Amino acid sequence: MQAVKADSNRNIARARAHSNIAFIKYWGNRDQQLRLPASSSLSMNLADLYTTTEVEWSASAERDSVSIDGVPATGAVLARVQRHLHALRRRFDINQSARVTSRNNFPMGAGLASSAAAFAALTLAATAALRADVTEKELTSLARLGSGSAARSIPAGYVQWHRGDSHESSFAESIAAPEHWQLVDVIALVSRAHKSVGSTRGHASAASSILQEARIRSAGTRLAALKRALLQRDFATLARITEEESNLMHAVMMTSQPPLFYWEPQSLRIMRAVRRWRLEAGIQVCYTLDAGPNVHCICLSEHAAAVADRLGGLLPGIEILQSKVGGGATVLGRESALG
Ligand code: PMV
């Protein structure tokens with residue numbers, strides 16, 4: 001274990017991490033504490049959806065403080081961030097308190113993986129503030145302890161998270177740079193509401209569905225085929241597997257105890273339309289949904305405007321976000337204050 005001395009009273013760093021959207025999903029853990037996933041997953045980072053987090057370690061502060069989007073965190077949110085800070089304190093052998101200031105440029109808890117960007121940015125800012133010498137691989141494993149999908153928001157572009165069987169062997173790495181393929185995520189914001197059942201509870205109930213075992217048994221085959229399609233820029237195959245993955249994950253959610261229904265009627269309308277647009281109108285687009293009702297329409301960049309137009313035609317007034325493929329988490333600076 002590496003011991004890091006926080007040598008002054010001001011050890012501050014600020015980092016930014018992007019959200020990500022998974023083509024091959026993470027749903028269910030083999031180890032709930034360590035967040036060792038039931039299967040490997042694969043995603044792309046979202047350049048235009050990100051969290052910026054500043055961490056200051058201080059010997060004089062009595063307790064951790066956390067502010068998210070200008071509001072002091074309390075209750076379960078504060079407890080979760082503190083659990084992560086404890087894990088980092090243990091790893092780097094320090095006993096200081098942290099002041100955490102975090103801002104999202106997108107709505108939290110609406111199925112846009114705010115926890116992925118949040119825990120990736122927190123992990124990077126916290127370690128940078130300590131001037132700790134950590135590899136990208138270890139950063140991904142540390143971020144995973146806060147939120148599984150956060151592991152995938154550390155490396156750049158298209159990222160695979162290897163499920164592993166221990167803390168060290170469950171890590172994420174980039175399989176292709178953002179420039180490899182200009183995909184765009186056109187997100188139909190069906191609801192901005194905070195989801196009622198968060199993914200941590202969802203992972204815990206995944207095994208109660210009789211479908212989960214079949215999903216996990218076949219996950220490796222789908223991941224290998226999707227990875228090949230991604231590396232060969234074969235959109236038709238990527239689209240087919242991405243939609244199948246999303247449907248499979250939601251089938252598990254719906255058949256778990258208690259059942260989880262994240263889709264809204266509008267989500268289903270969009271899913272059906274997206275398939276029509278691809279199979280009948282030749283628009284290179286497919287859908288995927290996380291633990292929320294918003295529909296991520298993954299498309300070739302030259303089709304993004306047509307997809308947004310059609311979404312507006314299908315559901316007039318619907319709010320739409322768009323994002324290109326993003327880079328990895330980065331340190332923005334040290335020793336400055338976030339407004
Ligand atoms: O990292 P978590 O615990 O928020 O889990 C994310 C789970 C999904 O977003 C539904 C799927 C995924 O792979 O991102």
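For segment 174-217 versus segment 285-338, the inter-centroid distance based on Cα atoms is 14 Å.
Test of understanding: in a Gaussian network model of the chain with alpha carbons linked when under 10 Å, which of LEU42, LEU142, LEU88 would top the mean-square fluctuation ranking? Of LEU42, LEU142, LEU88, the Gaussian network model singles out LEU88 as fluctuating most. Where is the GNM fluctuation largest for the chain (alpha-carbon springs, 10 angstrom cutoff): VAL184, VAL55, VAL134? Fluctuation is largest for VAL134. Counting each pair of different Cα atoms once, what's the Kirkwood radius of segment 97-191 in Å, rounded to one decimal? Taking the inverse mean of 1/r over all distinct Cα pairs, segment 97-191 comes out at 14.4 Å.
Entry note, the chain: the mean residue ellipticity at 222 nm calculated from DSSP H runs of n ≥ 4, each adding -39500 (n - 2.57), is -11500 deg cm²/dmol after division by the residues and rounding to the nearest 500.
Count charges around HIS303 for me, please; just the other residues with Cβ under 15 Å from its Cβ, Lys/Arg as +1, Asp/Glu as -1.
Details: positive: ARG233, ARG275, ARG276, ARG278, ARG310, LYS324; negative: ASP185, GLU280, GLU302, ASP309.
That works out to +2.
Relative contact order, percent, of segment 181-324 when contacts are C-alpha pairs under 8 Å separated by at least 6 residues? 42 percent.
Largest GNM mean-square fluctuation across TRP277, TRP161, TRP27, computed for the chain with C-alpha springs under 10 Å, falls on TRP277.
Work out the length of the dipole vector of the chain about its Cα centre, built from +1 on the beta-carbon of each Lys and Arg and -1 on the beta-carbon of each Asp and Glu, and round it to the nearest 20 debye.
Numbers: 38 positive and 29 negative charges, 88 e Å.
It works out to roughly 420 debye.
Efficiency by 1/(1 + (r/R0)^6): what FRET value for THR237 and ALA281, r their Cβ-Cβ distance, R0 = 22 Å, to the nearest 0.05?
On the way: r = 19 Å, r/R0 = 0.87.
After rounding, the FRET efficiency stands at 0.70.
From largest to smallest, the equivalent ellipsoid semi-axes obtained for the chain from the alpha-carbon gyration tensor read 33, 21, 19 Å. Taking a point 7 Å out from the Cα of GLU244 in the direction of its Cβ, the residues of segment 265-296 whose backbone N falls within less than 15 Å of it are 287.
Normalising by the residue count of the chain, find the relative contact order in percent from Cα pairs under 8 Å and 6+ residues apart.
On the way: 771 pairs, mean separation 87.0, N = 339.
In percent, rounded to a whole number, it is 26.
Here THR74 and SER196 are evaluated by their C-beta separation; at R0 = 30 Å the FRET efficiency comes out at 0.95. DSSP bridge analysis restricted to the chain gives an antiparallel fraction near 95%, rounded to the nearest 5.
Expressed in Å, the radius of gyration and Dmax of the Cα atoms of segment 181-324 are 15.4, 42.
Stretched out straight at 0.36 nm per residue, the stretch from THR255 to ARG83 would grow longer than its current Cα-Cα span by 58.9 nm.
Just so you know, all these numbers are worked out from the coordinates, no wet-lab data involved. Just so it is clear, the model here is predicted, and its values are computed rather than measured. Glycine gets a Cβ as well: all are built from the backbone with ideal geometry, and neighbour counts include every protein chain shown.
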